[in-house]
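What follows is a single structure, written as structure tokens, with notes after it.
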Amino acid sequence: MGTVLVRFGELFLKSENVRRLYLRKLHHNMDLALTACEVEHEFEVHRDRLLVHGPDPAAIVRVAARTFGLVDAAVCTQIGATIPQMGAAALALAERHLRAGMSFAVRARRQDVEGMTSQQIGAEVGSVIYDAIPGLRVDLSHPDYEVFVEARPYGGLVYDERLPAPGGLPYGTQDRVLSLLSAGIDSPVATWQVMRRGCLVTHLTFDAGRWQGSDVRAAVRRHHAALSTWCMGHPLDLLVADMEPFFEAMTGAADPHYRCLLCKRFMFRVASGVARHEGALAIVTGDNLGQVASQTLANLGVIEAAADLPVLRPLLTYEKNEAVALARRIGTFDEDAGDLSCAAVPKRPATQAKVAKIEGEEAKFGLDELVDEAIAGVRRVRAKNGRIVREDDRA
């Protein structure tokens, strides 16, 4: 059996009651994820740390590294909280990495353990390593190797490698949001960001039929399935609204310059209705300030006026390369995405539209009926643990 130490992030900033609630949710989420990954495990829960025991600690660390609310995870040695025991465990790890000419540091912490200080632990454990391996240097600023030693009432913990986790808040500690998911780069990243802040998520995508590229539908489902791996054990639903009738009506009646704005406003109208049905309290988009014509400040205001709920834009100030880097990290970046085009995009889209003008355009083609039709025809696609597990004709 091995032991994995997982560390929390900003949970410690919460009040005692909220912290207990969040830790229960974190514990529950890890249990679901480890079970979904078929990783045998047992929990040892403490106020300041969570220890997970199992025969495959590396697998536990991999799951922890995709668990919101954790900052990192480490395979550790759990022994008695005495300096000789911690020193022996630290030396056993250090001998695998250190050789003459290298520098090292011991990072020590102590909590609720009497008879020693953190400085004393660091110095004495460091001496054990220094005396046993010839030719070493101590460097507390930029060492070649670090070993971490913690003295706790429930024992000593020694480790030398921490795998970063996403941080944030445990999934499900905040209310539900409806996230608009497309085949592009930004919207999956926006979803991941609100999941990282603890929001329960339902996805909504718009199927434009013949107006969209041939690879759009597959890319959306691929993104949806990939994001479900960040809430393992939880179902993640994608609602699909038919947008082809809207495109047929809009392109036949409205000024082409305003198509992108009309399209986004239609999406927000449908999303507002769907969100009420799903119990979502906000709409999430991948909008990025100034990235395309519909994302100027003026146009963002025109678009948002069509929504009945708050609109969250986690990527509003991101550089494109930042969104791409995060998409690669979370598994939603497609090296060869295929045909994701939109046949309705105008050559010269409006960048400084007025609400009154847009409302006049919307009056030309019976928008309310199209919105009601789209909401009534929504279909549900469910992903779980990285796979599409269900597709329904109606949500």
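The values are calculated or read from the model by the stated rules, or taken from the named source; none is laboratory data. Quantities reported herein were computed from a predicted structural model and do not represent experimental measurements. Because the Cβ atoms are built from the backbone with ideal geometry, glycine has one as well, and the counts that use them run over all protein chains shown. The accessibility values were calculated without ligands, DNA or RNA, using every heavy atom of the protein model including side chains. Shrake-Rupley method; radii C 1.70, N 1.55, O 1.52, S 1.80 Å.
If only one of 319, 373 is of a type in the set (Asp, Glu), open to solvent by 20 Å² or more (accessible area, probe 1.4 Å) and within 19 Å of residue 178 (Cβ to Cβ), which one is it? Walk me through how you get there before you give the answer.
On the way: 319 fails: within 19 Å of residue 178 (Cβ to Cβ).
Only one candidate passes the filter, namely 373.
What is the one condition in (1) under 25 Å from the mean Cα position of the chain (by Cα); (2) of a type in the set (Val, Ile, Thr); (3) surrounded by fewer than 17 Cβ atoms within 10 Å (Cβ to Cβ) that residue 82 does not satisfy?
(1)
Every residue, every condition in (1) under 25 Å from residue 343 (Cβ atoms); (2) open to solvent by less than 30 Å² (accessible area, probe 1.4 Å); (3) in contact with a Cys (Cβ under 7 Å, 6 or more places away or on another chain), yes or no:
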{"residue": "185", "(1), (2), (3)": "yes, no, no"}
{"residue": "207", "(1), (2), (3)": "yes, yes, no"}
{"residue": "210", "(1), (2), (3)": "yes, no, no"}
{"residue": "229", "(1), (2), (3)": "no, no, no"}
{"residue": "253", "(1), (2), (3)": "yes, no, no"}
{"residue": "259", "(1), (2), (3)": "yes, no, no"}
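Tell me yes or no: at least one residue of the stretch 72-87 is of a type in the set (Ser, Thr, Tyr) and modelled with pLDDT of 95 or more.
Within the stretch 72-87, one or more residues are of a type in the set (Ser, Thr, Tyr) and modelled with pLDDT of 95 or more.
Could you give every pair whose Cβ atoms fall below 8 Å, whose first residue belongs to the stretch 129-144 and is more than 13 Å from residue 90 (Cα to Cα), and whose second residue is at pLDDT 95 or above and part of a helix (DSSP H, G or I), counting only separations of at least 6 or pairs across chains?
Qualifying pairs under 8 Å: 136/129; 136/130; 138/126; 138/130.
Considering only residues of the stretch 100-113 that are at pLDDT below 95 and of a type outside the set (A, V, I, L, M), which is least open to solvent (accessible area, probe 1.4 Å)?
It comes out as 111.
Pull up the stretch 34-68, narrow it to residues that are among the small types (Gly, Ala, Ser) and closer than 21 Å to residue 158 by Cβ, then point me to the one that is surrounded by the most Cβ atoms within 10 Å (Cβ to Cβ).
64
Out of the residues in the stretch 283-310 that are surrounded by fewer than 19 Cβ atoms within 10 Å (Cβ to Cβ) and aliphatic (A, V, I, L, M), state the one that is nearest to residue 202 (Cα to Cα). Walk me through how you get there before you give the answer.
At the first step, the residues of the stretch 283-310 found to be surrounded by fewer than 19 Cβ atoms within 10 Å (Cβ to Cβ) are 289-293, 296-298, 301, 304-305, 308-310.
Retained after the next criterion (residues that are aliphatic (A, V, I, L, M)): 289, 292-293, 297-298, 305, 309.
Details: 289: 24, 292: 25, 293: 27, 297: 27, 298: 28, 305: 22, 309: 15 Å.
Out of the qualifying residues, it is 309.
Do we find that residue 269 is open to solvent by 20 Å² or more (accessible area, probe 1.4 Å) and assigned to a helix (DSSP H, G or I) in this structure?
So residue 269 fits the description; yes.
Criterion first (more than 25 Å from residue 174 (Cα to Cα) and either surrounded by 14 or more Cβ atoms within 10 Å (Cβ to Cβ) or without any contact (Cβ under 8 Å) to a residue 12 or more places away in the chain (or both)) does residue 27 satisfy it?
no
I need the full set of residues from the stretch 351-382 which are among the aliphatic types (A, V, I, L, M) and more than 13 Å from residue 240 (Cα to Cα), in order please.
Of everything in the stretch 351-382, those that are among the aliphatic types (A, V, I, L, M) and more than 13 Å from residue 240 (Cα to Cα) turn out to be 353, 355, 356, 358, 363, 367, 370, 371.
So how many residues does the stretch 345-356 have that are closer than 18 Å to residue 251 by Cβ and either touching a strand residue (DSSP E or B) at 6+ places or on another chain (Cβ under 6 Å) or open to solvent by 90 Å² or more (accessible area, probe 1.4 Å) (or both)?
Of the residues in the stretch 345-356, 2 are closer than 18 Å to residue 251 by Cβ and either touching a strand residue (DSSP E or B) at 6+ places or on another chain (Cβ under 6 Å) or open to solvent by 90 Å² or more (accessible area, probe 1.4 Å) (or both).
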